[in-house]
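Worksheet for the structure shown next.
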Amino acid sequence: MIARIRRYFEESYSELKKVTWPTREQVRHLTVLVFAISAVIGVFIAAWDAIFTEVLVAVTRAI
């Protein structure tokens, strides 16, 4: 049991050494990209929400 646990950690460490980690600059650029896309999608959803709200208000007033 102990040998299996030890082998698991050794193999995990071995796999982690193979990973190519992003540079600080890449992380910064990707973070900005995620924030920008999130903002654009947020504005898009807010605009559609406002449109649907006005439509529903107009429909409920007509009833």
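Taken together, the values in this text are just the output of simple stated rules run on the coordinates, not laboratory data. Computed from a predicted structure; not experimentally measured. Positions of Cβ are generated from backbone atoms using ideal geometry, with glycine treated the same way; all protein chains shown enter the neighbour counts.
Points worth noting:
- Magnitude of the charge dipole for the chain, about its Cα centre and with charges confined to Cβ atoms of Lys, Arg (+1) and Asp, Glu (-1), is about 400 debye.
- Overall Cα dimensions of segment 21-63, principal axis frame, Å, largest first: 60, 12, 6
- Simple label model, 7 Å out from Cα along Cβ direction - ILE2 to ARG28, nm: 4.8 nm
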